[in-house]
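*Asks:* Can you read through this structure? Questions will come right after.
The values are calculated or read from the model by the stated rules, or taken from the named source; none is laboratory data. As the structure is a computational prediction, the values presented were derived from the model and not from experiment. Here the Cβ is made from the backbone with ideal geometry for all residues, glycine too, and neighbour counts use every protein chain on show. The area values use the complete protein model at the heavy-atom level, side chains included, leaving out ligands, DNA and RNA. Shrake-Rupley method; radii C 1.70, N 1.55, O 1.52, S 1.80 Å.
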Amino acid sequence: MVLATAFAALTVTATGPAQAAASLPAVSPRAETAALHDDEAGGDADADDPAIWRNRADPDRSLVVATAKQGGLRVYDLDAREVQSVPAPAGPGPEDAPGRFNNVDLVHSARLGDLAVTTDRGNDRLRIYRIDRDRAGGPLSDVTDRTVSPVFSSSQDEINEQRTAYGLATWTDPATGRSFALVSRRERTRLALLELTAGANGSVGYTKVRTLDLPAAFRLPNGASWSPCAEPGELPQVEGMVVDPANGTLYAGQEDVGIWRLKADLTGTPTLIDKVREYGVPGTYDEATEECVAGADPGFGGTKLTADVEGLTLVAEKDGDGLLLASSQGDNTFAAYDREISDANEYEGGFRVTSATATLDGSEECDGAAALDAPLGRRYPNGLLVVQDGDDTPGDGDRPSTNFKFVDLGEVTDAIDD
């Protein structure tokens, strides 16, 4: 998400990050979904995070499942046409926070079947949907075990404070066949590992295995201690996450810090593989403007990511090669890193998603992203990248407009290779 606490006074010069962003290769979308509007008339729908489900029997009939926050879930075909809208559940009482779907990921499990799992930030729970492309009424059906507990909160009052389930990545351990969800907590640094479990009558629930807290403060090379500036009481949260299924490695984007690499079972010591440019920059929160005013940059940040670091996704090639893609939300670019840990996840290049036509724009302020390196029929024989667009244009007057862009993945990898 775009935080209101972003550094308002941290300007970008023409010879700095903005110039670097402009020099990156550009790719254009082939299709886009209809705009969503985060207002009462639009059902408080706000595009956020996509996932790509491949129909193994008929790849042309594959689907994109995406979150619309308070608007629930949307399901699209490969022409970016909506085929199903799933509402978020209400809160338990009229004064309680309503359901709000933040992130989504998929599970392909011999035990549980094909599932779409989403974080219900409003109710602090996971919601789980079985995928059946030919089901009457739409491909998603809710199979969430009704007895599931909140992920982080101990009471409804705590849920209503909305420090709840936020970012999400799923993972199936090939050695055991057990499936898991990694969940981050809004405005906190905590990650939780949940095991997905089969319940009665085909339902699916979850049990908590363990938690891990990433750092909230950092020791800089000059000996100073630094924490990202935020509203009082907020800690630097994680949203974008992805697990490499080949080795059980979790990559987690701490929005104002950088990208962490750690074991998906949340054991061991995390490694920060890249930092945002703003890393180490002191800031003072201004309550009047609800923004952070930046101090002098000590030069300890990275050079490829401009806060927030957001959607993370993996291009997993069969030979072990591949890429970790990250949304650099602050400068509307994407960074690509080597998938292989033996190569220290070194930076491989970047790209922008820019307009294809006057009516098919690119991606700005991107939250979520999903890539699938597998043929998807005649439309995307080289695979697909779906990215959220936080400012869809041309819009509808002053209404907030967001949607999802569909990009040929082969064009993306060619751009990075060049």
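*Asks:* I'd like to check something: does region 126-139 contain any residue that is on the phi > 0 side of the Ramachandran plot and open to solvent by less than 40 Å² (accessible area, probe 1.4 Å)?
*Replies:* Checking region 126-139: at least one residue is on the phi > 0 side of the Ramachandran plot and open to solvent by less than 40 Å² (accessible area, probe 1.4 Å).
*Asks:* Report, by residue number, each residue of region 173-206 that is open to solvent by 40 Å² or more (accessible area, probe 1.4 Å) and under 18 Å from Thr249 (Cβ atoms).
*Replies:* Listed by number, the residues that qualify are Pro174, Ala175, Thr176, Arg178.
*Asks:* Can you pull out the residues in region 123-165 that are assigned to a loop (DSSP other than H, G, I, E, B), closer than 14 Å to Val86 by Cβ and either touching a helix residue (DSSP H, G or I) at 6+ places or on another chain (Cβ under 9 Å) or polar (S, T, N, Q) (or both)?
*Replies:* Val143
*Asks:* Additional query: Looking at Tyr251, Tyr279, which is the one that is closer than 25 Å to Ser225 by Cα, over 20 Å from the mean Cα position of the chain (by Cα) and either in contact (Cβ under 8 Å) with a residue 60 or more places away in the chain or surrounded by fewer than 19 Cβ atoms within 10 Å (Cβ to Cβ) (or both)?
*Replies:* Sole residue among the options that is closer than 25 Å to Ser225 by Cα, over 20 Å from the mean Cα position of the chain (by Cα) and either in contact (Cβ under 8 Å) with a residue 60 or more places away in the chain or surrounded by fewer than 19 Cβ atoms within 10 Å (Cβ to Cβ) (or both): Tyr279.
*Asks:* Gly368: under 16 Å from the mean Cα position of the chain (by Cα), closer than 16 Å to Glu310 by Cα and open to solvent by less than 20 Å² (accessible area, probe 1.4 Å), yes or no?
*Replies:* Yes; evaluated as a whole, the condition is true for this residue.
*Asks:* Test Ala88 against the criterion of being out of contact with any Ser or Thr (no Cβ under 7 Å at 6 or more places or on another chain), open to solvent by 10 Å² or more (accessible area, probe 1.4 Å) and free of Cβ contacts under 8 Å to residues at least 40 places away in the same chain, and give yes or no.
*Replies:* Spelling it out, Ala88 is indeed out of contact with any Ser or Thr (no Cβ under 7 Å at 6 or more places or on another chain), open to solvent by 10 Å² or more (accessible area, probe 1.4 Å) and free of Cβ contacts under 8 Å to residues at least 40 places away in the same chain.
*Asks:* Between a residue in region 130-158 that is under 16 Å from Leu194 (Cβ atoms) and any residue that is outside any loop (DSSP other than H, G, I, E, B) and of a type in the set (Val, Ile, Thr), which pairs come within a Cβ distance under 7 Å, given they are 6 or more apart or on different chains?
*Replies:* What qualifies is Val143/Ile128; Val143/Val204; Thr144/Ile128; Thr144/Val204; Asp145/Val204; Pro150/Ile159; Val151/Val183; Ser153/Ile159.
*Asks:* Among the numbered criteria (1) farther than 25 Å from Ala415 by Cα; (2) modelled with pLDDT under 95; (3) open to solvent by 50 Å² or more (accessible area, probe 1.4 Å), which single criterion is violated by Thr15?
*Replies:* Result: Thr15 fails condition (1) only.
*Asks:* How about region 34-63: which of its residues are more than 14 Å from the chain's Cα centre (by Cα) and under 11 Å from Tyr76 (Cβ atoms)?
*Replies:* Result: Ala34, Trp53, Ser62, Leu63.
*Asks:* Could you pull out every one of the strands (runs of 3 or more DSSP E) wholly within region 287-379 that has 3 or more residues that are more than 27 Å from Ser28 (Cβ to Cβ)?
*Replies:* Filter on region 287-379 gives 291-294.
*Asks:* Looking at Asp38, Asp79, Asp96, which is the one that is open to solvent by 50 Å² or more (accessible area, probe 1.4 Å), at pLDDT 95 or above, of a type in the set (Asp, Glu) and out of contact with any Ser or Thr (no Cβ under 8 Å at 6 or more places or on another chain)?
*Replies:* Only one candidate passes the filter, namely Asp79.
*Asks:* Could you please find all residues in region 58-92 being within 18 Å of Ser141 (Cα to Cα) and among the acidic types (Asp, Glu)?
*Replies:* Answer for region 58-92, where residues must be within 18 Å of Ser141 (Cα to Cα) and among the acidic types (Asp, Glu): Asp77, Glu82.
*Asks:* State all residues of region 58-111 that are of a type in the set (Lys, Arg) and either farther than 16 Å from Thr144 by Cα or not in a loop (DSSP other than H, G, I, E, B) (or both); if no residue qualifies, say none.
*Replies:* Listed by number, the residues that qualify are Arg61, Lys69, Arg74, Arg81.
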